[in-house]
Amino acid sequence: MIITYTSANTRESNLFYYDIMAIRIYLIVPPAPFLSIPNASPHLGVLYLASFLQANYKNIEINILDLFNGYDSGAFEIDYDYYCFTASTPQYLYAKEIMEDLRTKGATGIFVIGGPHATHCYQEAIDDGFNIVVIGEGELALLDIISKKLCEGVIRGTSISDISSIPHPAYDKIDLASYNYSFNSKKIAQIITARGCVYGCNFCLIPSMHDRFRMRTTEDVRREIDILVQKYGITGLYIVDAVFPSEIERTIKICQILREYGLDWVCQTRPEKVNAKLLDIMAEAGCKRISFGLETATDSNLHNINKKATLAQYATVLRATRTAGIRTRFYMIWGLPWDNRETANAFKQLTQNPPDEWHLNTFIPFPGTPYWEKPEKYGIEIVDRNYKHYYHLGRNAKGSIVINNTYCSKEELEVLRDELFTYILNLIPDKRVLYGMEV
């Protein structure tokens, strides 16, 4: 029997503080062998969970196990009260295997899973043996699980409005030096200045994971940057907000902070979010690259994926960003429901006015997107449901294509993709940038 429960703690700014009996929590990030650099960055969501729980419980031991080097069953301890997993869709089966292995070894704790896949496939996770599934954001949900001693059910996490009240990521729980993030020989850390996204690109899961868009205060961002620089020797940042800049005045304030610390940094945004003046300010503050989610090579495809932007807008912002002296990157997706030989040729036409870097991805109809829920509406047939194949980047962006569309079979889409990627690769002097193997 599944008990659906919504986390009830809704206070916004003050931390709860529970003096409970000592408990042990294992936060586990499953392997991601599909990534080009599996140890590129720690999982910020897990680090936020750790810091939030530490701030709210007096007697708590939290350990983080990031399995970027792969899964060694001998590395696990089996005397934890809670085993908490996060998993994207291609990580889900690894999480399930680890849970089963731990139980075989005698682990008797409560197994909890959250993250994008469990949020959208919660019944599957329950049926597979996880005791508790968390939908959406996890801080308040985990707080309730522990304080109320919940042991089964599906819990819909309540998001925290004032995200500046959440303690900074628990970097003290990991060896930050074991991660391999670099850009221009700078030691890079990721930082999130906002949660959620106000846009609704229908291939993306961010809006469904975060029920509203919220920004941290600039002073809270400053405090985290100071910790990363002073304590961990960070010399560069990757701002991983879905869209940064989001608001001009706030962006200018954050740029002032970044300039004070002399950091190189990169970000990702939309074409309408920057202008020549703001780009100059960002460049002076150390911005070295901006990534834009162009995604596809035709205006009709942009409309179909609900991008709310045009090829002309991207061409304009490409010129403006170059004029400011900032490198450009285009995120591109191949294998959309409308892709065929014609769109592949349109893709090649983009190389006549290319960005500095390409980041090529394979389309996946992820659970939680309309393509998964109603594939027939988009003229696709999902022919591969092995979640380990559901990665859209990494490993040279050549993950499995898992659909037939109206125009092409899976195999035909793969042939066109390989031809297209080879064509672009031959035009790029630095082969690493094609598949986003740098930050």
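The values are calculated or read from the model by the stated rules, or taken from the named source; none is laboratory data. This is a predicted model, so every value here is computed, not measured. Please note: Cβ atoms are built from the backbone with ideal geometry, for glycine as well, and neighbour counts cover all protein chains shown. Note: areas computed on protein heavy atoms with side chains; ligands, DNA, RNA excluded. Shrake-Rupley method; radii C 1.70, N 1.55, O 1.52, S 1.80 Å.
Observations, loosely collected:
- Residues located in the range 46-87, provided they are polar (S, T, N, Q), free of Cβ contacts under 8 Å to residues at least 60 places away in the same chain and either touching a Pro at 6+ places or on another chain (Cβ under 7 Å) or within 25 Å of LYS105 (Cα to Cα) (or both): ASN69, SER73, THR86
- Test: residue in the range 126-138 that is touching a residue at least 40 places away in the same chain (Cβ under 8 Å), among the polar types (S, T, N, Q) and surrounded by fewer than 23 Cβ atoms within 10 Å (Cβ to Cβ): no
- Some residue of the range 292-301 being assigned to a loop (DSSP other than H, G, I, E, B), open to solvent by less than 20 Å² (accessible area, probe 1.4 Å), in contact with a Leu (Cβ under 6 Å, 6 or more places away or on another chain) and of a type in the set (A, V, I, L, M): yes
- Scanning the range 170-183 for residues that are part of a loop (DSSP other than H, G, I, E, B) and either of a type in the set (Lys, Arg) or farther than 15 Å from ALA40 by Cα (or both) gives a single hit, ALA170.
- The one condition from (1) in a loop (DSSP other than H, G, I, E, B); (2) free of Cβ contacts under 8 Å to residues at least 12 places away in the same chain that ASN345 does not meet is (1).
- Residue list for the range 246-268, filter: of a type in the set (S, T, N, Q) and open to solvent by 10 Å² or more (accessible area, probe 1.4 Å): SER246, GLN256, GLN268
- Some residue of the range 82-95 being more than 18 Å from GLU139 (Cα to Cα), of a type in the set (Gly, Ala, Ser), outside any loop (DSSP other than H, G, I, E, B) and open to solvent by less than 50 Å² (accessible area, probe 1.4 Å): yes
- Criterion violated by ILE188 - all others in (1) outside any loop (DSSP other than H, G, I, E, B); (2) at pLDDT below 95; (3) farther than 24 Å from CYS255 by Cα; (4) β-branched (Val, Ile, Thr) satisfied: (3)
- Among the candidates TYR83, TYR122, the residue that is closer than 19 Å to GLY157 by Cα, in contact with a Leu (Cβ under 7 Å, 6 or more places away or on another chain) and of a type in the set (Ser, Thr, Tyr) is uniquely TYR83.
- Among residues of the range 302-335 being assigned to a loop (DSSP other than H, G, I, E, B) and under 19 Å from LYS186 (Cβ atoms), the one that is least open to solvent (accessible area, probe 1.4 Å) is ILE326.
- For GLN123, the conditions (1) touching a helix residue (DSSP H, G or I) at 6+ places or on another chain (Cβ under 9 Å); (2) among the polar types (S, T, N, Q); (3) farther than 30 Å from CYS267 by Cα are fulfilled apart from (1).
- The single condition among (1) surrounded by fewer than 17 Cβ atoms within 10 Å (Cβ to Cβ); (2) farther than 26 Å from PRO365 by Cβ; (3) β-branched (Val, Ile, Thr) that VAL198 does not satisfy is (2).
- Residue within the range 411-418 that is part of a helix (DSSP H, G or I), more than 22 Å from PRO38 (Cβ to Cβ) and modelled with pLDDT under 85 present: no
- Of all residues in the range 364-410, those being over 19 Å from GLU124 (Cβ atoms), among the β-branched types (Val, Ile, Thr), open to solvent by less than 10 Å² (accessible area, probe 1.4 Å) and assigned to a loop (DSSP other than H, G, I, E, B) number 1.
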